[in-house]
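Notes follow the structure.
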Amino acid sequence: MKITTIGLDLAKVVFQIHGVDERGKVAARKQLKRAEMSKYFANLEPCLIGMEACGSAHYWARKLEGYGHTVKLMAPQFVKPYVKTNKNDMADAEAICEAVSRPNMRFVAIKNGEQQAILSVHRARQGFVKARTAQGNQIRGLLSEFGIVIPKGITSITKQVPEILEDGENGLPGAMRNLIERLATNLKEMDQQVKELEAQIQKWHRENEASSKQNLLGISKRGDTYLRTLLIHGARSVINASEKKAEPESWLKKLMVRRNTNVAAVALANKNARIIWALLAHGRTFHPDYKFAQTANS
C-alpha cells in the first residue's frame with residue numbers, strides 16, 4: 001500500500017507517524033526514534049509530509065525535502081480543529097495528516113539555515129534586553145530601600161551607580177555597596193552583549209538584499225510578536241522625530257492630529273509592513289517620493 005500523505009508529530013526522542021494512501025485509508029501508524037528517522041524517510045517513496053511549525057520543524061523540513069519529499073508546515077492552531085479525540089501523539093499525527101491535505105490550509109514558509117541563524121541572533125538579543133531590564137529594575141528597587149532613587153532607564157543607572165558607590169555619606173552599608181557593584185557589572189556586561197548582537201544584525205542587514213520578513217501578517221496578535229515589536233518601535237521613533245519636522249499636510253501629521261500617539265504608531269507600523277512586503281514581493285527599490293513622481297507623470 002503506497003503512502004501518499006504523512007502526518008508527522010515531532011518530538012525530542014520518539015516521533016509519531018500517521019500515513020494514508022491516495023484513498024485516505026490508513027497505510028502506516030507507527031513510532032520512530034530519532035535515530036530511525038533518516039533511514040525510514042530515505043527509503044520511503046516521495047510523498048506529502050505535514051508537520052506543525054514548532055521546535056525543530058524547519059530543520060526536519062529541510063532534511064526530509066532532501067530525500068525528495070514535499071514538506072508543508074502549519075501553525076498549530078490550524079491543526080487543532082482536526083484532533084478527533086483526546087490529545088496524544090497518535091491523535092496529533094492523524095490530525096496533522098488530515099490538515100495538510102485540506103485545499104484551503106495556510107502553510108508556513110520553510111526557513112533555510114541562514115534565516116534561522118539570524119532569527120536566533122534576534123532572539124538572543126531579545127533575551128539579553130529582557131534580562132538587562134530586569135537587572136536594572138532590581139538595582140533600582142534595592143537602592144530605593146535605602147532611600148536612593150534612580151530615574152527610569154538604563155542610562156540613568158549606568159551614570160548614577162558609580163556616583164552612588166563613591167558617595168561615602170549616603171548611608172549605604174559596605175555589603176550593599178559590594179552587591180550593587182556586582183549587579184552593575186553584570187548589567188554592563190549584558191548591555192555590551194546587546195550592542196554586539198545589534199552590530200551583528202546591522203552587518204547582516206547591510207549585506208543582505210532582502211533582510212525583512214517576506215509575508216505580511218498585519219499588526220495583530222496572530223503575527224510574529226518580535227517582528228511586530230520592531231515595527232512599532234521603529235514607528236515610535238519616526239513619530240518622535242517628526243513631531244516638529246513633518247509637513248502639516250503629510251499623512252502622518254494629519255494622523256497624529258486625529259489620533260493619539262499609540263494609535264498613530266501602530267498605523268504607521270502597519271503601513272511600513274505593507275511597504276516592506278510590496279518591495280520584497282515585487283523585487284522593487286524604495287523611493288520616498290514615489291507618490292509624488294506618479295502624480296507628476298500623470
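Since every read-out is calculated from the coordinates, none of them should be taken as a lab result. Everything numeric here is computed off the predicted structure, so don't read it as measured data. As a convention, Cβ positions derive from the backbone with ideal geometry for all residues, glycine included, and neighbour counts pool all protein chains shown.
Per residue, what volume in Å³ does the Cα convex hull of the chain take up?
So the per-residue Cα hull volume is 230 Å³.
Please report Cys54, Cys47 as a ranked list, fewest other C-beta atoms within 10 angstrom at the top and most at the bottom.
Fewest to most other Cβ atoms nearby, the residues stand as Cys54, Cys47.
For a Förster distance of 41 Å, can you work out the FRET efficiency between the beta-carbons of Gln31 and Arg106, rounded to the nearest 0.05?
After rounding, the FRET efficiency stands at 0.90.
Pairs Lys72/Lys130; Lys2/Lys111; Lys12/Lys80; Lys12/Lys111; Lys25/Lys87: which exceed 23 Å Cα-Cα?
Numbers: Lys72/Lys130 33 Å; Lys2/Lys111 29 Å; Lys12/Lys80 20 Å; Lys12/Lys111 20 Å; Lys25/Lys87 21 Å.
Beyond 23 Å between Cα atoms: Lys72/Lys130; Lys2/Lys111.
Summing -39500 (n - 2.57) over the DSSP H runs of n ≥ 4 in the chain and dividing by its residue number, what mean residue ellipticity at 222 nm do you reach, to the nearest 500 deg cm²/dmol?
-18500 deg cm²/dmol
Can you tell me the length gained on complete extension of the stretch Ala278 to Asn86, counting 0.36 nm per residue apart and subtracting the Cα distance?
64.9 nm
Placing +1 on the Cβ of each Lys and Arg and -1 on the Cβ of each Asp and Glu in the range 113-207, which of Gln202, Gly113, Leu143 has its Cα farthest towards the positive end of the resulting dipole?
In the range 113-207, that residue is Gly113.
Give, in nm to one decimal, the length gained when the segment between Arg182 and Val121 is fully stretched (0.36 nm per residue of separation minus the Cα-Cα distance).
Working: separation 61, 0.36 × 61 = 21.96 nm, distance 2.65 nm.
Result for the pair: 19.3 nm of gain on full extension.
Give the span of the range 5-100's Cα atoms along each principal axis, as three whole-Å numbers ordered largest to smallest.
Principal extents (Cα only, largest first): 31, 31, 20 Å.
Go through the range 44-53 residue by residue and turn each phi into a ³J(HN,Hα) via Karplus (6.51, -1.76, 1.60, θ = phi - 60°); whole Hz please, and just put x for glycine and proline.
8, 4, x, 8, 8, 10, x, 9, 7, 7
With springs only between Cα atoms under 10 Å, which of Ser144, Ser120, Ser38 fluctuates most in a Gaussian network model of the chain?
Highest fluctuation among the options: Ser144.
Among Leu8, Leu183, which comes first, then next, by fewest other beta-carbon atoms within 10 Å?
Fewest-to-most ranking of Leu8, Leu183: Leu183, Leu8.
Please give the per residue volume of the convex hull enclosing the alpha carbon atoms of the range 113-207, rounded to a whole number of Å³.
88
How much FRET efficiency would the formula 1/(1 + (r/R0)^6) give for Lys159 and Trp204, where r is the Cβ-Cβ distance and R0 is 25 Å, rounded to 0.05?
Using R0 = 25 Å, I get an efficiency of 0.20.
Among Trp60, Trp251, which comes first, second and so on when ranked by fewest other beta-carbon atoms within 10 Å?
Trp251, Trp60
Non-local amide H neighbours of Leu10 (under 5 Å, H modeled in plane, Pro and chain starts lacking H): which ones?
Counting only residues 5 or more places away or on other chains, the set is Glu52.
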